[in-house]
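The values are calculated or read from the model by the stated rules, or taken from the named source; none is laboratory data. From a predicted model like this one, the values you see are computed outputs, not experimental measurements. Heads up, the Cβs are rebuilt from the backbone with ideal geometry, glycines too, and the neighbour counts pull from every protein chain shown. Heads up: the accessible areas ignore ligands, DNA and RNA and are worked out on the full protein's heavy atoms, side chains in. Shrake-Rupley method; radii C 1.70, N 1.55, O 1.52, S 1.80 Å.
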Amino acid sequence: MSLFAGVEVGPPVEVFALNQACVKDCNPNKVNLGVGAYRTNEGKPWILPVVKKAEAAIVADGSLNHEYLPVLGMDGVTNAASTLLLGDDSEAIQGKRAFGVQTLSGTGALRVGAEFLARILKRTTFYYSSPTWENHHKVFVYAGFTEPRTYRYWNQEKRGIDFEGMIADLKAAPAGAVVILHACAHNPTGIDPTQEQWKQIADVCEQQKLFPFFDSAYQGFASGDPNKDAFAVRYFVERGFELFCAQSFAKNFGLYNERIGNLTVVQKSTETTAAVASQITLLVRGMYSNPPAFGSRIVSRVLCDAALRAEWMECIKTMSSRIIAMRKALYDELIALKTPGTWEHITKQIGMFSYTGLNEKQVEILIKEYSIYLLKTGRISMCGLNENNVKYVAKAIHDAVTRASNTSKI
């Protein structure tokens, strides 16, 4: 008998299974609202023009090679990434008490940070929002955390943040617990705390001695301005917190498969830098040894060149503006159809995703009868909408809501 005979088939990863089902679907009207990747109005992937320029320049200068990078990555990209997050005038950057570690995109940054907290600092308890990006739980549990807990975040009735519940849950957290906070454009709800609410969250984290671990996968996608979207992290740093922040350049650079990320480490002083960096080096060496090079060269070249950086900022505005326009278009169509329920939350939400409020029965109707693919939670990627399909999607939602409203109100 094979050693592997007793291995059970694991459950499919929902978002990837949805994508495969959509690819195989022959319906010419099919719409993919599941995968969180930017699409043009024609429904096509978009290579940012500034990324094309950087790629061409890297190849043209004749110095490209395929040697290993240092274990903690290329200084150019880690310095640029941490500065993008904390700001050019950040005291933590200037005082060198913050540093970056190049990782395998944002997921890799979360894993490296979680491994350090669990293995080196012996933390066991972590909190994540309910709901959250589904991989948060896996990453931290697989890294060695043994006590996963949630804090309230989404209020289904209000179609907004359950701030009172969130604060109550964080106040009840034990000292030393790690709390995962979405820096901006919360996935999956698209609802962020206000600046005043962030200040209250910081108060509780300080009082309870919680360790903030920010996940910044969408810097620039919330407002169109990467500096504005970094408010929460910068505020916590200004307050004197030690923290981690996982950064991804998948979305805001369109470098999905290049796996370019950064873990920004913020400490109280430079005295601990050498020890912390050495331990992270050992963790990385034991996981994947070295980060990828080509994508990091692109990010570094763009962020370190004033003209290219300005062009990248315009690309961010282009993507965020189209998302905002699609939110309004979907809302307008649903209102015109007099779809039962309230839909203002769609335009109040920000970033790539919308927590529509659709239930599983309604989602099932959309998938099976209309070939509109979305997660069973009702989360949709706004990037999958465009001028050619938004009316079709709105009519399908109207039908699903109307038919299912007898048993479950939207």
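Here are the numbers for the structure shown:
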read-out: For the chain, calculated [θ]222 nm from helices alone, where every DSSP H run of n ≥ 4 adds -39500 (n - 2.57); value: -13500 deg cm²/dmol
read-out: Gain on full stretching of the segment that runs from Lys368 to Gln195 - 0.36 nm per residue minus C-alpha separation; value: 58.2 nm
read-out: Pairwise centroid distance, computed over Cα atoms, of region 285-319 with region 66-92, Å; value: 10
read-out: Residue-span extension gain [Gln20 to Thr124] - 0.36 nm each, minus C-alpha spacing; value: 33.8 nm
read-out: Histogram of C-alpha separations across region 7-109, 5 Å bin width, %; value: 2, 8, 10, 13, 14, 14, 14, 11, 8, 4, 1, 0
read-out: Contact order relative to length of the chain, as percent, for alpha carbon pairs under 8 angstrom and 6 or more apart; value: 24
read-out: Total charge dipole magnitude, region 181-262, about the Cα centre, Cβ charges on Lys, Arg, Asp, Glu only, Debye to nearest 20; value: 120
read-out: Percent of beta bridges antiparallel (DSSP, region 33-166, rounded to nearest 5); value: 35
read-out: For region 174-225 versus region 137-163, the gap between their alpha-carbon centres in whole angstrom; value: 12
read-out: Dipole magnitude of region 96-180, debye to nearest 20 (Cβ charges: Lys/Arg +1, Asp/Glu -1, about Cα centre); value: 360
read-out: Exposure rank, largest accessible area first [Arg309, Arg159; 1.4 Å]; value: Arg309, Arg159
read-out: Ranked order, Val51, Val9 - accessible area, probe 1.4 Å, largest first; value: Val9, Val51
read-out: Stretch gain in nm, segment Gln208-Tyr142, where the contour uses 0.36 nm per residue and the Cα spacing is subtracted; value: 21.2 nm
read-out: Exposure of Arg301 as accessible area (Å², to 10), given a probe of 1.4 Å and all protein chains; value: 80
read-out: Gyration tensor over alpha-carbon atoms, region 150-194, equivalent ellipsoid semi-axes in Å; value: 19, 13, 7
read-out: Normalised contact order of region 1-143, rounded percent, pairs of Cα under 8 Å and 6 or more residues apart; value: 12
read-out: Heavy atoms of Asp75 accessible to a 1.4 Å probe, total area in Å² rounded to 10; value: 110
read-out: Share of carbon and sulfur in the accessible heavy-atom surface of the chain [1.4 Å probe, %]; value: 54
read-out: For the chain, convex hull of alpha carbons as volume per residue, Å³; value: 171
read-out: Size of charge dipole - region 228-314 - debye, nearest 20, with Cβ of Lys, Arg +1 and Asp, Glu -1, no other charges; value: 120
read-out: Probe 1.4 Å, protein heavy atoms only - accessible area per residue of region 189-315 in square angstrom; value: 38
read-out: Distance between modelled label sites at Arg309 and Asp89, nm, 7 Å Cα→Cβ extension; value: 1.4
read-out: Options Val13, Cys26, Leu3, ranked by Cα towards positive dipole end of region 1-89, top entry (Cβ charges); value: Cys26
read-out: Counting all C-alpha pairs of region 128-279, share separated by more than 28 Å (%); value: 18
read-out: Qualifying aspartates and glutamates (Cα of each under 20 Å from Cα of Lys30; at least 8 residues distant if same chain); value: Glu14, Glu42, Glu333, Glu360, Glu364, Glu369, Glu387, Asp399
